[in-house]
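Written out below as structure tokens is the structure these notes cover.
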Amino acid sequence: MKNPMRALVTGGAGFIGSHVVDELVRRGWEITVYDNLSTGFVKHLGPALQSGRVTVIQADILDLASLTKAMTGVSTVFHLAANADVRGGRHNTRIDLEQNVIGTHTVLEAMRAVGAEQIIFTSSATVYGEPDVFPTPESYAPLQTSVYGASKLAGEAFIQAYGEYFGIRSLIFRFVSWIGERYSHGVIFDFVQKLLRNPAELEILGDGNQRKSYLHVEDGIRGIFLAIDRILELKSVINLGHEEYMPVTDLARIVCDEMGLRDVRFRFTGGVRGWLGDSPFVHLDIGKIRGIGFRPSVTIEQGVRRTARYLLNNDWLLKERTARQ
Ligand SMILES: NC(=O)c1ccc[n+]([C@@H]2O[C@H](COP(=O)([O-])OP(=O)(O)OC[C@H]3O[C@@H](n4cnc5c(N)ncnc54)[C@H](O)[C@@H]3O)[C@@H](O)[C@H]2O)c1
């Protein structure tokens, strides 16, 4: 029998997944974390494990038999496990297809087998490619510029098709970049790491004018659960971002300031993009989620400062994540 308060969280030991688990614990759910620990850490689950309501299974989402067994009795699947590296697609053209498309398909097959009812999926603003409408609404019809974005959009499409066939309800979030406690990859991570190695100079990918929105994890988690409570329909797609955005050079200045570094020389690799597939401007229209009462409470500057401070106070994460790269 399915328990309406029982969830499986793929990628639950990751940066965002572990915060989802914390919130589910707060809400009294029973949770199975399903994670291969490729980029995640059981340490992130320390506080949640103390509840006695969290089970961790170290396994891969591509293993259908193991996933189906782990999902038995589960009503809601939070599917976060993915290759979350947005930059590598040009060099490894298969990983996003395997992890993000076939991985999502395998999750859906397991859900179908056990009769799980709803899926929460973490998609990305990357699916919009390089849009010409800002802020970009959910209805924008995009052309793809990266394999990662293409794989997330394909994942969304499979989820919706399974909704049509098997009645699986879905809530698909298109995220801007998340920052905050337990953050373990992305621009602030790169900058802190580089500045610890060489406090005199910082290499910035692109021309430094790329503008992006960033959302603090505290706000992001609030947004996810607000949407779950209010708008989980058969198929829903929701942008989750911030009204603000920030040029990457400003972000670099804040990280330097937080690290107490003055007169750091910025060296730009040049070009309007950080890498092929990078979008020079990410600013999502969050009118839909604002309509149900969502307002980010942490400014981007506050979020960047908190993230840099967290990394400086948790050098185990910098070391262990770097060792895995
Ligand atoms: N962090 C962001 O800014 C951001 C933005 C948009 C979308 N997303 C999406 O949100 C989700 C979570 O991202 P994150 O930043 O927490 O990344 P993360 O790397 O910290 O978390 C991913 C987790 O999935 C696990 N995992 C990866 N492949 C797996 C597999 N094959 N089987 C089982 N577990 C596996 C990893 O061990 C890790 O714990 C991802 O789907 C990512 O694409 C993140």
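In this label model, R94 and E320 are separated by 3.0 nm, measuring between points 7 Å along each Cα→Cβ vector. Would you tally the net charge around A200, using a Cβ to Cβ cut-off of less than 14 Å, leaving A200 out, and scoring K and R as +1, D and E as -1? Charge balance near A200 sits at +2. A simple spin-label model places the labels of F268 and R169 4.8 nm from each other, with each point 7 Å out along Cα-to-Cβ. Rg of the Cα atoms in the chain, relative to 2.2 N^0.38 Å, amounts to 0.96.
For the pair region 271-325 and region 1-76, the centres of their Cα atoms are 23 angstrom apart. For Y162, neighbours were defined as the other residues whose beta-carbon sits under 12 Å from its Cβ, and their charges (Lys and Arg +1, Asp and Glu -1) total -1.
Between D132 and Q193, the C-beta separation translates, for a Förster distance of 30 Å, into a calculated FRET efficiency of about 0.35.
Put a plus charge on the Cβ of each Lys and Arg, a minus charge on the Cβ of each Asp and Glu, and nothing anywhere else: the dipole of the chain about its Cα centre is then about 440 debye. The alpha carbon radius of gyration of region 19-178, expressed as a multiple of 2.2 N^0.38 Å, is 1.06. In a simple Cβ point-charge model (Lys, Arg +1; Asp, Glu -1; nothing else charged), region 188-319 has a dipole of about 120 debye relative to its Cα centre. Relative contact order, whole percent, for the chain stands at 17, derived from Cα pairs under 8 Å and 6 or more residues apart. With the simple spin-label model, which puts each label point 7 Å out from Cα in the Cβ direction, the E301 to D63 separation comes to 4.8 nm. Near S51, once Lys and Arg are set to +1 and Asp and Glu to -1 for all other residues with Cβ below 13 Å from its Cβ, the sum equals 0. Rounded to the nearest 20 debye, the dipole size of region 94-240 about its Cα centre is 160 debye, using +1 on the Cβ of Lys and Arg and -1 on the Cβ of Asp and Glu. Across region 235-324, the mean sequence separation of Cα contacts (distance under 8 Å, 6 or more residues apart), normalised by length, yields a relative contact order of 46 percent.
Estimated from the Cβ-Cβ distance and a Förster radius of 22 angstrom, the FRET efficiency linking K2 and L226 is about 0.35.
Here, each number is a calculation from the coordinates, and none is a lab measurement. On a predicted model such as this, the values are computed, not experimentally measured, just so you know. So basically every Cβ, Gly included, is an ideal-geometry build from the backbone, and we count neighbours across all protein chains shown.
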